[in-house]
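Working notes for the structure below.
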Amino acid sequence: MYIPTANRKLICKALFKDGVLVAKKDYNAPRHPEINVPNLQVIKAMQSLSSRGYVKSQFSWQHYYYTITDEGIEYLREYLNIPQEVFPATFKKTPRAAPPQFGGRPEREAGGFRREPGFRRDHDDYRRRDQDKEGASDNFRPEFRGGFGRGRPQQQ
């Protein structure tokens, strides 16, 4: 399908900016919601990039989800003349908040963590049952005879 160069560049810029692109499976939609390009052109351009291995595609609930690959980043840098220092938004690491200095974890008592009033641990009595009641009795002898069920016919 013929896609004008200006539209192809808009699609590639949007893909490189975020690192991902979503397109609804509506071939008759006049425009893509995020890019000012017909939706069919977006789907076909992404299909072309996907067949070359530059984009990984996933289809779910009538939407195409496209994720750029490492080879796709190199190709789009070359195609759009983007410097090596620029990365898509999904590849940038967000700074994490510093852990709290005081009051992070509850203090421990001799018996483990501090228990709040009304706090009940269900696993305190785990496997603490009477030993006499567990398992089968001594005179239990299971007998397995073949031939019953769906496998073999019953023998007479």
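The values are calculated or read from the model by the stated rules, or taken from the named source; none is laboratory data. Worth saying up front: this structure is predicted, and the values here are computed from it rather than measured. Every residue, glycine among them, receives a Cβ derived from its backbone with ideal geometry; neighbour counts consider all protein chains shown. Accessible surface areas use protein heavy atoms only, side chains included; no ligands, DNA or RNA. Shrake-Rupley method; radii C 1.70, N 1.55, O 1.52, S 1.80 Å.
Looking for whichever is of a type outside the set (Val, Ile, Thr), modelled with pLDDT of 75 or more and out of contact with any helix residue (DSSP H, G or I) (no Cβ under 9 Å at 6 or more places or on another chain) here; the options are 95, 83. Which one fits?
The match here is 95.
Are any residues in region 27-52 closer than 23 Å to residue 74 by Cα and touching a helix residue (DSSP H, G or I) at 6+ places or on another chain (Cβ under 6 Å), and if so, which ones?
Result: 35, 41, 42, 45.
So which residues in region 27-68 are among the charged types (D, E, K, R) and in contact (Cβ under 8 Å) with a residue 24 or more places away in the chain?
44 - this is the single residue of region 27-68 that is among the charged types (D, E, K, R) and in contact (Cβ under 8 Å) with a residue 24 or more places away in the chain.
Please enumerate the residues belonging to region 8-47 that are open to solvent by less than 30 Å² (accessible area, probe 1.4 Å) and in a helix (DSSP H, G or I).
Correct list: 11, 12, 14, 15, 16, 39, 41, 42, 43, 45, 46.
Residue 74 passes all but one of (1) crowded, with 16+ Cβ neighbours inside 10 Å; (2) under 21 Å from residue 89 (Cα atoms); which number fails?
(1)
If you scan region 48-67, which residues turn out to be open to solvent by 60 Å² or more (accessible area, probe 1.4 Å) and outside any strand (DSSP E or B)?
The answer is 51, 52, 61, 62.
Report every pair of residues separated by at least 6 positions or lying on different chains whose Cβ atoms are under 7 Å apart, first residue within region 10-26 and farther than 12 Å from residue 79 by Cα and of a type in the set (Lys, Arg), second at pLDDT 90 or above and surrounded by 15 or more Cβ atoms within 10 Å (Cβ to Cβ).
Between residues of region 10-26 that are farther than 12 Å from residue 79 by Cα and of a type in the set (Lys, Arg) and residues that are at pLDDT 90 or above and surrounded by 15 or more Cβ atoms within 10 Å (Cβ to Cβ), the close pairs are 24/39; 25/64.
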